[in-house]
1. Under the definition of Cα pairs under 8 Å and six or more residues apart, what whole-number percent is the relative contact order of segment 20-117?
2. Put a dot 7 Å past each Cα toward the Cβ at Tyr216 and Ser125; how far apart are the dots in nm?
3. Output the relative contact order of segment 55-193, whole-number percent, from Cα pairs under 8 angstrom with separation of 6+ residues.
4. Would you mind calculating the gained length between Ala193 and Ser170 on full extension (0.36 nm times residue separation, minus the Cα-Cα distance), in nm to one decimal?
5. Based on the Cβ-Cβ distance of Asp182 and Thr104, what FRET efficiency does E = 1/(1 + (r/R0)^6) give at R0 = 35 Å, to the nearest 0.05?
6. Using modelled backbone amide H atoms (1.01 Å from N, in-plane), which distant-in-sequence or interchain residues come within less than 5 Å of Gly155's amide H?
7. For segment 1-157, what does the accessible surface come to per residue with a 1.4 Å probe? Please give it in Å².
8. Take the solvent-accessible surface of the protein heavy atoms, probe 1.4 Å, and return the percent of it on the chain that carbon and sulfur atoms account for.
Amino acid sequence: PSEGPHVYLAASAETTCAVSMAGEMKCWGQNNYGQLGYGDTRRRGDSAGEMGDALPILDFGGSSLAVKVKSLSVGFEHSCAILNDGGLRCWGRNANGQLGYGDTDNRGELPTSMGKNLPAVDLGSGRSAKFIATGHYHTCVILDDGGMKCWGRNGNGQLGYGDTNTRGNSPGSMGDNLPAVDLGPGQSAKFIALGADHTCVILGDGGVKCWGGNGYGQLGYGNTNNY
């Protein structure tokens, strides 16, 4: 993660999103839960005449000159973007609270759920997002202070809180009530990547830690034990 304008591209199994140098975001592909962010559930990119200038720019509220996307990530059926003010917006499927709004309501399926009606995810007092990563049904973010928070499905401990409790799906589960993941004494997060049900982080000292589902040894610890 670094400051300044960037071109971004992110893809999941059935959805793709891109951010231009101007900070404008477009998405195409599957849209059954509104994960494209256009306020409907209609696929885009599978018929002639839907791409190029015909593909709208996502609306996050305000003028396009003021609201720009700095970073994005596309999960299995949800998407997230960090705006230039450090605010995080997420939309799409939310059955496990992976959007981080303290409920299980999908967003992005209706015109009234996007634009100014899509709030910023509450990351805690004074905290903003620096980097975002999405898995199948969970989401993690690197904060401006180098801390890391995760929410959504947690059946294999993929959130990193030492339990299997889902977070982000009920009132009071986000903001200051959501603790930072314990990465070890003095450690900070530099980069994060999420799989279907596991999470990995590059630490400030260059080390790597992974946790969650490990049925195929994807955590890299020489066994198939979940962590």
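1. Details: 194 pairs, mean separation 30.6, N = 98.
Normalised by residue count, the contact order of segment 20-117 is 31 percent.
2. My value for the distance between the label points is 4.4 nm.
3. Details: 316 pairs, mean separation 31.2, N = 139.
It comes to 22 percent, rounded to a whole number.
4. Values: separation 23, 0.36 × 23 = 8.28 nm, distance 2.47 nm.
So the extension gain works out to 5.8 nm.
5. On the way: r = 27 Å, r/R0 = 0.76.
For R0 = 35 Å, the calculated efficiency reads 0.85.
6. The list, which skips near neighbours in sequence, is empty: none.
7. On the way: 6470 Å² over 157 residues.
Result: 41 Å² of accessible area for each residue.
8. Working: 5010 of 10090 Å².
C and S fraction of accessible area: 50 percent.
The values are calculated or read from the model by the stated rules, or taken from the named source; none is laboratory data. Small disclaimer: the values here were computed from a predicted structure and weren't measured. Quick reminder, even Gly has a Cβ in these numbers, built from the backbone with ideal geometry, and neighbours come from all protein chains shown. We work out accessible area using only protein heavy atoms, side chains counted, and drop any ligands, DNA or RNA first. Shrake-Rupley method; radii C 1.70, N 1.55, O 1.52, S 1.80 Å.
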